[in-house]
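Report on the structure given below.
The values are calculated or read from the model by the stated rules, or taken from the named source; none is laboratory data. Not measured: the values here are computed from a predicted model. Cβ placement follows ideal geometry from the backbone for every residue including glycine, while neighbour counts extend to all protein chains displayed.
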Amino acid sequence: MGLPILQPDEQLLRPVPREQFLRELRTNIKTPQHKGISNIGKPEWLKIRPPSDTYHDLRRRLRTLGLVTVCQESHCPNMSECWSSGTATFMVLGDTCTRACKFCAVKANGKPAPPDPNEPTKLVTAVGEMKLDYLVLTAVDRDDLPDGGAAHFAACVRALKSAYPKLLIEILSGDFGGNEEAVRTVVEAGTDVFAHNLETVRRLQSSVRDRRANYEQTLAVLRAAKRFNPTLKTKTSLMVGLGETRTELLEAMDDARASDVDIITFGQYLQPTTWHLAVARYMPPDEFKQLETDARAKGFIYCAAGPFVRSSYRAGELFLKGLIELERSAAPKIALEERT
C-alpha cells in the first residue's frame with residue numbers, strides 16, 4: 001500500500017483578499033522566541049563575495065528577456081558567486097507569490113498577474129545564451145490557479161527539454177496545495193531532480209511558513225514525486241537559526257529519509273527586512289559540518305550545509321549533474337549485461 005497523499009483543502013486554495021493577506025503577513029512576524037534578538041551581531045564568517053563583470057552582464061541580459069530569478073527576488077546571499085560564474089535559478093509564474101511566509105523576501109499579493117505564455121520561449125533563449133547544461137527552475141506559489149501553475153511549470157520544462165535534450169533540469173517546486181495530479185504533471189514533464197523544501201523543523205512550521213503550507217504536506221509531495229518516477233532524485237532544504245534544536249534537525253532528517261528523499265541541504269536564515277522573522281542564532285561552521293556528517297550517516301546521497309547554502313546551491317548542482325550523467329552512462333551497459 002502506498003503512503004497517503006494529502007488532498008488539497010478547498011478552503012485554503014481560495015484566493016485571499018489583499019487586506020487579509022497583508023494582515024496575515026504582519027501577524028506573528030516576530031514570535032516570542034525571536035523578540036528582542038533581531039539585532040544580534042553577524043559573525044565574522046558571514047562574508048559575501050563582491051560582484052564581477054559577469055554578474056552585471058547576466059543581470060542586463062535577464063532584464064532584457066523579461067525573466068525573473070529567485071536569486072534577486074529572495075535576496076539570496078549567493079547571487080554574486082553564482083551569477084559571476086554564469087549560473088542562475090529562474091523563477092517562473094511571475095514575481096509575486098500568493099502566500100505570506102514570514103521568512104521570504106519574494107513579493108506577496110493575493111492576486112498576481114496571469115502567467116506569461118511566452119515564458120517557455122524566453123527560457124529557451126536564456127539557456128542558449130548562457131550555454132547551460134544544468135538548470136534550476138523554481139516558481140512562486142499560485143493558489144489563485146486551479147492547478148497551482150503546474151501546467152505552466154511543465155510547459156517550461158518540456159520546451160527546454162525539446163530545445164536541449166541533454167539539459168538537466170532541477171525543479172524547486174511548491175506544494176500545489178497537496179494536489180497529487182499537479183505534482184505528477186511537473187514530474188512527468190521531464191524533470192531530473194525534484195526539490196521541495198521543509199524550510200524548518202516540525203515545531204516551527206506555523207510560525208515560519210504560510211498557513212497553507214505544513215510539514216506533513218511537504219513530505220507527502222516529496223513521496224508523490226518519487227512514486228511517479230522512482231528514478232527521480234528528490235531533495236529538500238531547511239534553514240537554521242530560527243530557534244530549532246539539534247534534536248529537531250535530526251528528526252527532520254529522519255522524516256525526510258523515511259519519505260525516500262535523496263538530498264538535503266542546510267543554510268543559515270538571514271532576515272531580509274525588519275518585517276520578517278528575526279534571526280535567533282547564527283550557527284557556527286563546525287556545527288554545519290556536523291550536520292553533513294549526520295546526513296551521510298542517515299543515508300542521504302548528498303548533503304550541503306553551510307551559512308550561505310541554499311536549496312539550489314551550486315555545489316549541489318555540480319554533484320547531481322555528475323551523479324545523473326554517471327547513472328545514464330551506466331544504464332546501457334547494465335541493459336547489455338542483462339541481455340547476455
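Looking at the structure I just gave you, is LEU198 more than 30 Å from GLN268 (Cβ to Cβ) and buried (at least 22 other Cβ atoms within 10 Å of the Cβ)? So LEU198 does not fit the description; no. Across region 88-106, the qualifying residues are those that are hydroxyl-bearing (Ser, Thr, Tyr) and outside any loop (DSSP other than H, G, I, E, B), and the one among them that is surrounded by the fewest Cβ atoms within 10 Å (Cβ to Cβ) is THR96.
Answer with yes or no whether THR247 is within 20 Å of ALA305 (Cα to Cα) and free of Cβ contacts under 8 Å to residues at least 12 places away in the same chain. Judged against the criteria, THR247 is a match. Counting the residues of region 128-142 that are farther than 30 Å from LYS111 by Cβ and touching a helix residue (DSSP H, G or I) at 6+ places or on another chain (Cβ under 9 Å) gives 6. Name the residues in region 264-293 that are surrounded by 19 or more Cβ atoms within 10 Å (Cβ to Cβ) and without any contact (Cβ under 8 Å) to a residue 60 or more places away in the chain, would you? The answer is ILE264, THR265, PHE266, GLY267, MET283, PHE288, LEU291, GLU292. Put simply, of ALA305, ALA252 the only residue that is more than 21 Å from ILE324 (Cβ to Cβ), in contact with a Lys or Arg (Cβ under 8 Å, 6 or more places away or on another chain) and at pLDDT below 95 is ALA305.
Being under 16 Å from the mean Cα position of the chain (by Cα) and of a type outside the set (Ser, Thr, Tyr) is the filter here, so list the residues in region 108-147 that pass it. If the condition is that a residue be under 16 Å from the mean Cα position of the chain (by Cα) and of a type outside the set (Ser, Thr, Tyr), then LEU135, VAL136, LEU137, ALA139, VAL140, ASP141, ARG142 are the ones that fit.
With respect to the conditions (1) over 22 Å from VAL136 (Cα atoms); (2) out of contact with any helix residue (DSSP H, G or I) (no Cβ under 6 Å at 6 or more places or on another chain); (3) at pLDDT 90 or above, LYS333 lacks only one, and its number is (3).
Close contacts from region 162-178, counting a first residue that is basic (Lys, Arg) and a second that is surrounded by fewer than 22 Cβ atoms within 10 Å (Cβ to Cβ) and not in a strand (DSSP E or B), with Cβ to Cβ under 8 Å and a gap of 6+ residues or different chains, come to LYS166/ASP133.
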